[in-house]
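Presented below is the structure to which this report refers.
The numbers here are math on the coordinates, done by the rules we state, and not lab data. From a predicted model like this one, the values you see are computed outputs, not experimental measurements. Cβ placement follows ideal geometry from the backbone for every residue including glycine, while neighbour counts extend to all protein chains displayed.
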Ligand SMILES: [Mg+2]
């Protein structure tokens, strides 16, 4: 089973969240702090909204904060965010091999679906696993066995393409074969991506010749 992260792995969306955050804060005369950026960029939506409310002492409740983020981001996901280079070719190559694929994302379901529809990608995936619906963050190793179980596959036979270093570490810990994917957003932590992945790639472009070696071991049993 091949799992893909969405933001920063298949689509070039990590910068969009910085823009959403900046617009949200500047409307209130606030500026982002390193602590804020660190927290919200690694968190699922409800936890990030609760943190934002507390960190800045905001009046609105987390639901209203999430709604404003969602509205600001929706347009971008539905219309402008591009695929990362090589993403489509990689999905095509796995499909041609008959490998089942799923998304494993901390993205909001409606944003995720908007981006998939925009790029015509819905048909590639057997399912979409939303960390938010599991109530877990992707840096929590517990999310990976849950996702594997959803599709009836043991973690040892799962591959994950992922850009966030903490998520790479958590998935590796859970027995997934992790392909770390470079994204500018985590440029300063590239060494952590490399250390916590089976393979780390600067781009998905040109990766398709290597997918056989990636899945050969985990799928040996099924194919015999
Ligand atoms: Mg990501």
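Remind me, relative contact order of the range 119-224 in percent, using alpha carbon pairs under 8 angstrom and six or more residues apart? Write down the numbers at each step before the final one.
Details: 138 pairs, mean separation 21.3, N = 106.
For the range 119-224, the relative contact order is 20 percent.
Find the relative contact order for the range 14-80 and round it to a whole percent, using C-alpha pairs within less than 8 Å whose residues are 6+ positions apart. Mind showing how you got there, number by number?
Values: 35 pairs, mean separation 22.2, N = 67.
The value is 33 percent.
Give me the extension gain from residue 39 to residue 19: residue separation times 0.36 nm, minus the current Cα-Cα distance, reported in nm with one decimal. Mind dumping the intermediate values first?
Numbers: separation 20, 0.36 × 20 = 7.20 nm, distance 1.57 nm.
Full extension of this stretch gives 5.6 nm more.
Using only Cα atoms, find the angle between the long axis of helix 45-56 and the longest principal axis of the chain, and express it within 0 to 90 degrees, rounded to the nearest 10.
Helix 45-56 sits roughly 30 degrees off the main axis of the chain.
Any chance you could get the radius of gyration and Dmax over the Cα atoms of the chain, in Å?
17.4, 62
Give, in nm to one decimal, the length gained when the segment between residue 58 and residue 95 is fully stretched (0.36 nm per residue of separation minus the Cα-Cα distance). Please report the intermediate quantities before stating the final value.
Working: separation 37, 0.36 × 37 = 13.32 nm, distance 4.65 nm.
The span from residue 58 to residue 95 would gain 8.7 nm if fully extended.
By average Cβ neighbour count within 10 Å, what is the ranking of 191-204, 152-165 from highest down? Please list the in-between numbers first.
Numbers: 191-204: 17.2, 152-165: 21.3.
So the peptides 191-204, 152-165, ranked by packing, come out 152-165, 191-204.
Please give the helix 14-26 orientation as an angle from the longest Cα principal axis of the chain, in degrees from 0 to 90, rounded to the nearest 10.
10
On C-alpha positions alone, give me the angle between the axis of helix 109-119 and the longest principal axis of the chain, in degrees, nearest 10.
So the helix axis and the longest Cα principal axis differ by about 60 degrees.
Please figure out what share of the DSSP beta bridges in the chain is antiparallel and state it in percent, rounded to the nearest 5.
Values: 1 of 19 bridges.
DSSP beta bridges in the chain are roughly 5 percent antiparallel.
Have a look at 211, 65, 11 and tell me which one the Gaussian network model of the chain (Cα, springs below 10 Å) gives the largest fluctuation.
In this elastic network of the chain, the residue with the biggest mean-square fluctuation among 211, 65, 11 is 211.
Sorted by packing (mean other beta-carbon atoms within 10 Å per residue), highest first, where do 86-92, 50-56 land? Before the final figure, lay out each step's value.
On the way: 86-92: 18.6, 50-56: 16.3.
Going by the mean number of other Cβ atoms within 10 Å, highest first, we get 86-92, 50-56.
Using Cα pairs under 8 angstrom and six or more residues apart, how large is the relative contact order of the chain, in percent? Each step should come with its number before you reach the end.
Values: 347 pairs, mean separation 50.9, N = 224.
Reported relative contact order: 23 percent.
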